[in-house]
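Written below as structure tokens is the structure these notes are about.
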Amino acid sequence: MPSRHSPVTLFGTCLGSIVAPTAVADARGVLEACGCPCGEARGTTCCGQPAFNSGFDEDARRVARTTVRALARTDGPIVVPSGSCAAMMRLHWRELFHGDRDEEAARAVATRVVEWSSYLAGRIDALTALAPRWPGRVAYHDSCHMLRELRVRDEPRALLAAVDGLELVELPSADRCCGFGGTFSVRYPDVSVAMADTKLAEVAASSVDALVSADGGCLLQLGGRLSRTGSPVRGLHLATLLAEALRR
């Protein structure tokens, strides 16, 4: 049996809660299967990233303030199954709340934020002990914020390597933007779709069964295009793939 760890707070993000609740549930399930009990912060909303990235700092603060205050009432690590949201909270809340009445709370919360795959990779022995199995070929997509801001690259790949029967196929453009970019995809839809389809052409050529990422925004973009084009390739959050692997 995996050893027990201190409780963590799982922040599912607004996109996860609304669009991908299964991935959030899988993130919780995998952590708890590995001996990491999860609490939930009540009253959280958005991290403020869409408004912040569009230059609307005051709007971003107004949205994020509720989440800062809710998470300030928790203890221990705050685990986020989204690279972009984790980057916003950990790196940009300091800037966003500089000089604000909630600056101290935002800074304190930011220091406790950990991206989900990074947290789980630190407990990979517990995952390996559960003998996860997922027979198939998988490509992994690096989220821009996760890779370039959080510098998280090896951790998700280490988790995939712990799964028996799984073959990881590295895409030539694994680190290239999927074209989502939050409001970028709304403002420049033609460019956004072209960027996604360029990446998905490589996915098709790789003959994989699933395209995996650890960021809900990227999966919304790429999974949507996979579905729209009738591709048999599944778009999966890393947490969902691992949850499936633990059920086999």
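No lab work stands behind these numbers, since they all come straight from the coordinates. Every value quoted in this text rests on a predicted model; they were computed, and no experiment measured them. Cβ atoms come from the backbone with ideal geometry, glycine included; neighbour counts cover every protein chain shown.
Descriptive notes on the structure:
- Extent along the principal axes, Cα only, for region 8-119: 41, 27, 23 Å, with the longest axis given first.
- For the chain, adding -39500 (n - 2.57) for each run of n ≥ 4 DSSP H residues and dividing by the number of residues yields -14000 deg cm²/dmol at 222 nm.
- Dimensions (Å) - region 1-64, Cα atoms, principal axes, largest first: 48, 23, 19
- Alpha-carbon centroid distance for the pair region 114-153 / region 183-229, whole angstrom: 20 Å
- The chain, Rg to Rh (Cα coordinates; Rh as Kirkwood inverse mean 1/r): 0.96
- In the calculated pair-distance distribution of region 88-208, the portion above 25 angstrom amounts to 42 percent of the Cα-Cα pairs.
- Note on Arg94 and Asp190: their simple-model spin labels are 4.1 nm apart, each label 7 Å out from Cα toward Cβ.
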